[in-house]
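Colleague: Sharing a structure, written as structure tokens. Questions coming.
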Amino acid sequence: MIAVREVSGTAEVQGPPGRFEEFYAAHFHGLTVQLFAYTNDLGQAQDVVQEAFCRALARWNKISKYEDPVAWVRRVAWNLATNKFRRAQVAMAFLRKQREERVEGPSPDRVALAAALATLPENHRRAVILHHLADLPIAEIAAQENVAEGTVKSWLSRGRTALATQLKEKRNV
């Protein structure tokens with residue numbers, strides 16, 4: 001009779017040498033082929049069959065007395081594969097729900113504006129963006145940039161003039 005004793009977290013087989021090992025060697029391949037046909041994934045089939053044999057080893061004293069111990073291992077492997085499949089389905093359903101909505105790309109006008117803004121000097125670009133997109137008043141922009149309000153007004157004027165010229169040229173092309 002074979003006994004299983006846990007030593008330092010690993011199972012150690014005691015008893016007549018080779019009985020479980022022979023059982024494993026005789027049935028691992030056949031069970032793997034069966035589970036591969038069920039899962040269509042050789043790695044997963046090998047994993048669940050291996051796990052089923054590990055569980056059988058831990059209960060070998062009882063399982064070895066069954067009329068058909070292979071049926072027990074097969075059932076455990078089949079259940080493990082089914083559970084993995086169900087968990088994968090739940091995970092995929094969750095992931096499908098987490099998908100972001102598809103957002104349309106920027107309009108041609110937006111692309112043209114971004115390209116025109118990129119050609120402005122940095123201080124003019126910042127002033128135009130802060131004033132027209134962030135809706136900041138000239139006084140706040142001046143305080144943020146640590147310049148006089150007149151300077152911000154100048155940047156805005158020059159920036160808007162350059163943008164108008166750029167966008168006009170783009171439309172004429």
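Colleague: With springs only between Cα atoms under 10 Å, which of TRP72, TRP60, TRP155 fluctuates most in a Gaussian network model of the chain?
Modeller: Fluctuation is largest for TRP155.
Colleague: Could you rank TYR38, TYR24 by how accessible they are, 1.4 Å probe, largest area first?
Modeller: Descending order: TYR38, TYR24.
Colleague: Moving on to the next point. How big is the accessible area of LEU133 in square angstrom, nearest 10, if you roll a 1.4 angstrom probe over the protein chains?
Modeller: Ignoring ligands and nucleic acids, LEU133 comes out at about 110 Å².
Colleague: For the stretch 31-116, what's the relative contact order in percent, using C-alpha pairs closer than 8 Å and at least 6 residues apart?
Modeller: Relative contact order comes out at 25 percent.
Colleague: Shifting gears a bit: So for the chain, averaging the separation of alpha carbon pairs under 8 Å that are six or more residues apart and normalising by length, what relative contact order in percent results?
Modeller: Rounded, it is 15 percent for the chain.
Colleague: Summing +1 for each Lys or Arg and -1 for each Asp or Glu, what net charge is found among the other residues whose Cβ lies under 15 Å from the Cβ of ASP109?
Modeller: Combined, the nearby Lys, Arg, Asp and Glu give +2.
Colleague: Find the accessible area per residue for the chain; the probe is 1.4 Å, ligands and nucleic acids are left out, and the unit is Å².
Modeller: 70
Colleague: Tilt of helix 108-119 relative to the longest C-alpha principal axis of the chain, in degrees (0 to 90, nearest 10)?
Modeller: That helix lies at roughly 70 degrees to the long axis.
Colleague: Keeping the other protein chains in place, figure out the carbon and sulfur percent of the accessible area of the chain, with a 1.4 Å probe.
Modeller: Carbon and sulfur atoms account for 53 percent of the accessible area of the chain.
Colleague: With unit charges on the beta carbons (Lys and Arg positive, Asp and Glu negative) and the dipole taken about the Cα centre of the chain, which residue among ALA93, ILE63, TRP78 sits farthest to the positive side?
Modeller: Among ALA93, ILE63, TRP78, the one farthest towards the positive end of the dipole of the chain is ALA93.
Colleague: Pick from VAL152, VAL33, VAL90 the residue whose mean-square fluctuation is largest in a GNM of the chain, springs joining Cα atoms under 10 Å.
Modeller: VAL152
Colleague: Using semi-axes √(5λ) of the Cα gyration tensor in Å as the read-out, say which of [x] 28, 21, 13; [y] 76, 20, 12; [z] 28, 20, 17 was calculated from these coordinates.
Modeller: [y]
Colleague: Let me ask something additional. Sorted by accessible area (1.4 Å probe), largest first, how do PHE23, PHE28, PHE85 line up?
Modeller: Highest to lowest solvent-accessible surface, that is PHE85, PHE28, PHE23.
Colleague: How large is the convex hull of the C-alpha atoms of the stretch 80-173 per residue, in Å³?
Modeller: Taking the convex hull of the Cα positions in the stretch 80-173, it is 168 Å³ per residue.
Colleague: Could you pull out the GluC sites (Glu not before Pro) across the stretch 90-162 that fall in loop regions by DSSP (anything but H, G, I, E, B) with no more than 16 other Cβ atoms inside 10 Å?
Modeller: Passing both the DSSP loop test and the Cβ count: GLU100, GLU101, GLU104.
Colleague: Show which lysines lie in cross-link reach of LYS84 when reach means a straight Cα distance below 26 angstrom and same-chain residues fewer than eight apart are skipped.
Modeller: Counting by Cα, and skipping residues close in sequence, LYS84 has these lysines nearby: LYS97.
Colleague: If I stretch the segment between VAL33 and ARG110 completely, what's the gain in nm (0.36 nm per residue apart, minus their alpha carbon distance), one decimal?
Modeller: Once the chain is fully extended between VAL33 and ARG110, it gains 21.9 nm.
Colleague: While we're here: Once you order the gyration tensor axes a ≥ b ≥ c over the Cα atoms, which shape class does the stretch 42-89 get: rounded for a/c under 1.5, otherwise prolate or oblate by comparing a/b with b/c?
Modeller: Because a/c hits 1.5 or more and a/b exceeds b/c, the stretch 42-89 counts as prolate.
The values are calculated or read from the model by the stated rules, or taken from the named source; none is laboratory data. All values reported here derive from a predicted model rather than from experimental measurement. Glycine gets a Cβ as well: all are built from the backbone with ideal geometry, and neighbour counts include every protein chain shown. Each accessible area value is taken on the protein alone, full model and side chains, heavy atoms only, with ligands, DNA and RNA left out. Shrake-Rupley method; radii C 1.70, N 1.55, O 1.52, S 1.80 Å.
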